Amino acid sequence: MGIKTALPRTELYLYTAVLALALGWAGSWIIEASSENVNRKSFKDSIKPGWHYFGRKMDVTDFEWAMWFTTFRNHILFALAGHVIFAKICSMISPKIGVVGGKHRSLIYMLYGCLTVLIIMGWTYISLILSHCIVLYSVALIKRKWLCFVAGLTSLATFKMEPFVSWQAGFVTGTFQLQDILFYGGCGFSIMRCMSFALENCEKKDGSYSFMDLIKYNFYLPFFFFGPIMTFDQFHVQANDPNLTRKPREMWNITVHALVHLGAILVVDVFFHFLYILTIPSDMKLVKDLSDWSLAGLAYSNLVYDWVKAAVMFGVINTVSRLDHLDPPQPPKCITMLYVFAETHFDRGINDWLCKYVYDYIGGNHDGIFKELVATICTFAVTTLWLGPCELVYIWSFFNCFGLNFELWVAKLFSLPPLSTIEGIMSEAMSRRIRGLFNAVNFWQIILYNVLALNSLDFAKLVAKRLLFKGFPLSTLSVLFVTYCGIQLIKERERKLALLEEPEPEPVKPKTE
């Protein structure tokens with residue numbers, strides 16, 4: 001079936017109406033549950049005073065969001081603004097002292113990054129990071145990929161598994177509230193960057209990159225603590241490019257993106273005053289009393305929120321890096337637009353890293369079932385270590401690994417006769433509808449397999465039980481139909497984008513005799 005297959009406009013209008021009504025209905029159930037249980041005893045620690053004049057309280061369950069946009073907002077903005085100002089001042093002063101700023105801006109970024117990390121975390125933290133950098137740089141000089149992987153994953157494991165992580169954390173003094181997050185974030189991302197450096201050094205034909213190249217790459221402040229990860233080959237080329245001219249309307253686009261992120265922050269703030277989507281799933285007694293539609297809406301909204309959070313946080317960082325003339329990893333694809341496991345991710349930087357060095361490297365063109373199985377197992381093994389080995393992560397990795405392979409198995413099955421023959425007889429529109437049904441089931445697999453990592457295993461099991469068994473057939477089929485409507489609208493959007501990207505046919509030249 002071609003991606004450019006269209007459906008009748010009236011059919012798409014029907015899908016739009018059904019989806020809008022269903023989302024509004026599910027949202028009303030969640031608003032009602034939030035308002036009626038705002039003073040519930042189990043909500044005491046997670047629902048705090050919000051808009052006093054409107055009498056609304058706010059869901060503050062997510063510490064990461066609160067850290068970025070309420071509690072430590074000014075500190076983070078001060079550090080990022082200082083990075084931009086420091087780089088600008090150095091670029092203005094450097095020509096006057098005979099230094100070409102464009103050629104040395106990666107050094108300028110490194111100096112500010114090292115100084116900021118030193119002030120925030122102390123010299124022992126810097127020393128700890130540098131010790132891992134030295135070890136992995138030494139391994140990189142050998143130019144053996146397998147050895148780089150072993151050394152890198154071993155270093156990463158020391159920050160994810162006891163007793164090594166407690167031993168290393170003991171070197172860092174201080175008791176401020178953000179210390180743990182900054183410690184684990186900075187160390188984890190540093191190891192992934194060092195591994196990227198080592199693997200790219202293996203590909204370098206002439207000589208090796210210098211240790212200073214690694215330090216410049218690792219201590220770029222906007223990416224240091226929270227990511228995203230740019231692979232070393234991309235960062236090295238972009239950060240050392242002396243050409244600092246901007247594309248037409250680039251600053252306008254940067255400004256627009258910054259305003260969009262600001263608008264998203266305000267929208268999330270409004271939602272947190274009316275929809276307690278993060279607090280409600282933590283109270284299983286309350287969740288069991290909710291309707292099937294409320295549970296489906298809660299599960300879906302939790303994934304949408306996590307995507308919005310990732311898009312906004314990475315968007316803020318990416319805005320700063322774009323001011324530095326870098327092209328950072330794009331925000332993750334909206335969870336609403338996903339109906340295949342192959343495109344599901346919440347951190348595009350980590351996803352690009354895993355695809356380049358593990359998934360695509362092992363899987364090749366991803367046509368072979370066995371190679372794909374090995375590639376996905378290795379990818380999720382590294383992901384499990386990155387997230388921190390525990391029972392919940394093991395379950396999440398297993399189901400997502402299974403989902404990715406199951407897609408390939410189903411695609412292979414439908415490419416064989418008689419199924420391929422049957423599809424060939426159908427009209428393209430009917431083929432799109434049937435595929436939409438399978439995509440709707442896949443969409444809910446993605447939600448259920450990922451919501452267990454965002455909330456809890458008990459909540460995911462309850463949602464699955466209610467939608468698949470207790471709610472069958474009415475709730476099950478109605479939720480799948482609404483999802484099917486959404487899938488067809490997504491496919492319609494993809495169809496229009498494909499038509500826009502299609503190159504115009506070249507005019508036929510008249511024959512000359």
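The values are calculated or read from the model by the stated rules, or taken from the named source; none is laboratory data. In this text the structure is predicted, and so the values were computed from the model without any measurement. Note that each Cβ is placed from the backbone with ideal geometry, even for glycine, and that neighbours are counted across all protein chains shown. Remember, those area values only see protein heavy atoms, side chains included, never the ligands or the DNA or RNA. Shrake-Rupley method; radii C 1.70, N 1.55, O 1.52, S 1.80 Å.
Output the DSSP H helices from the chain with an along-axis C-alpha extent of no less than 15 Å and a mean Kyte-Doolittle hydropathy no less than 0.5. Kindly include the intermediate steps, with their values, before the conclusion.
Working: long enough: 9-36 (41 Å, 0.61); 73-93 (30 Å, 1.22); 105-121 (24 Å, 1.78); 123-140 (25 Å, 1.54); 145-157 (18 Å, 1.37); 179-203 (36 Å, 0.48); 250-274 (37 Å, 1.33); 292-323 (46 Å, 0.68); 369-387 (26 Å, 1.55); 391-414 (34 Å, 1.01); 428-454 (38 Å, 0.58); 474-501 (40 Å, 0.56).
Helices passing the filter in the chain: 9-36, 73-93, 105-121, 123-140, 145-157, 250-274, 292-323, 369-387, 391-414, 428-454, 474-501.
What accessible area, in Å² to the nearest ten, does a 1.4 Å probe give for H75?
Counting only protein heavy atoms, H75 exposes about 120 Å² to solvent.
Just to be sure I understand the model, the point goes 7 Å from the Cα along the line to the Cβ. What's the resulting A498 to T336 distance in nm?
Distance between label points: 2.2 nm.
What residues of segment 241-275 lie in the reach of a label at V84, counting those whose backbone N is under 19 Å from a point 7 Å from the Cα along Cα→Cβ?
Counting only backbone N, you get 244-266.
Label segment 282-384 by shape, choosing from rounded, prolate and oblate, from the square roots a ≥ b ≥ c of the eigenvalues of the Cα gyration tensor; if a/c is under 1.5 it is rounded, and otherwise prolate applies when a/b is larger than b/c, oblate when it is not.
Numbers: a/c = 2.71, a/b = 1.27, b/c = 2.14.
It comes out oblate by the Cα gyration axes.
Using only the alpha carbons of segment 129-246, what is the convex hull's orientation-averaged projected area in square nanometres? Don't jump to the answer; show the numbers that get you there.
Values: hull surface 34.2 nm².
Convex hull of Cα atoms, orientation-averaged projection: 8.5 nm².
Do the alpha carbons of any pairs in K285/K461; K88/K204; K309/K461 sit beyond 21 Å of each other, and which pairs? Write out the running numbers ahead of the final one.
Details: K285/K461 14 Å; K88/K204 32 Å; K309/K461 24 Å.
Exceeds cut-off: K88/K204; K309/K461.
Compute the distance in nm between two label points, each set 7 Å from the Cα along the Cα-to-Cβ direction, one at R56 and one at F481.
Here the modelled spin labels are 3.3 nm apart.
Distance in nm between label sites at R73 and K204, each 7 Å beyond Cα in the beta-carbon direction?
It works out to 4.3 nm between the two label points.
Report the extension gain between M212 and L111 in nm, rounded to one decimal, defined as 0.36 nm multiplied by the number of residues separating them, less their alpha carbon distance. It would help to have the intermediate numbers written out before the result.
Details: separation 101, 0.36 × 101 = 36.36 nm, distance 1.15 nm.
Net length gain for the segment: 35.2 nm.
Can you give the helix-only mean residue ellipticity at 222 nm for the chain, where every DSSP H stretch with n ≥ 4 adds -39500 (n - 2.57) and the sum goes over all residues, rounded to the nearest 500 deg cm²/dmol? Don't jump to the answer; show the numbers that get you there.
On the way: 22 runs with 338 residues, N = 513.
The per-residue figure over the chain is -21500 deg cm²/dmol.
I need the calculated FRET efficiency for the pair L244 and T124, taking r as the beta carbon distance and R₀ as 45 Å, to the nearest 0.05.
Working: r = 36 Å, r/R0 = 0.81.
The pair L244/T124 has a calculated efficiency of 0.80.
If packing is taken as the mean number of other Cβ atoms within 10 Å per residue, what is the order of 36-44, 376-384, highest first? Don't skip to the answer; put the middle values down first.
On the way: 36-44: 13.3, 376-384: 19.9.
Ranked by mean Cβ neighbours within 10 Å, highest first: 376-384, 36-44.
Treat segment 46-170 as a sphere of radius equal to its Kirkwood radius over Cα pairs and apply Stokes-Einstein at 4 °C in a medium of 1.567 mPa s; give the translational diffusion coefficient in µm²/s, rounded to a whole number.
Working: Rh = 18.8 Å.
Translational diffusion coefficient: 69 µm²/s.
Heavy atoms only, 1.4 Å probe, whole protein assembly: order I215, I119, I422 by accessible area, highest first.
Values: I215 15, I119 130, I422 90 Å².
The ordering from most to least exposed comes out as I119, I422, I215.
Less than 15 Å Cβ to Cβ from G207, Lys/Arg counted +1 and Asp/Glu -1: what total charge do the surrounding residues give?
Values: positive: K143, K204, K205; negative: E200, E203, D206, D213.
For residues surrounding G207, the net value is -1.
In whole Å, what are the extents of the chain along the principal axes defined by its C-alpha atoms, from largest to smallest?
Answer, in whole Å and largest first: 87, 71, 45 Å.
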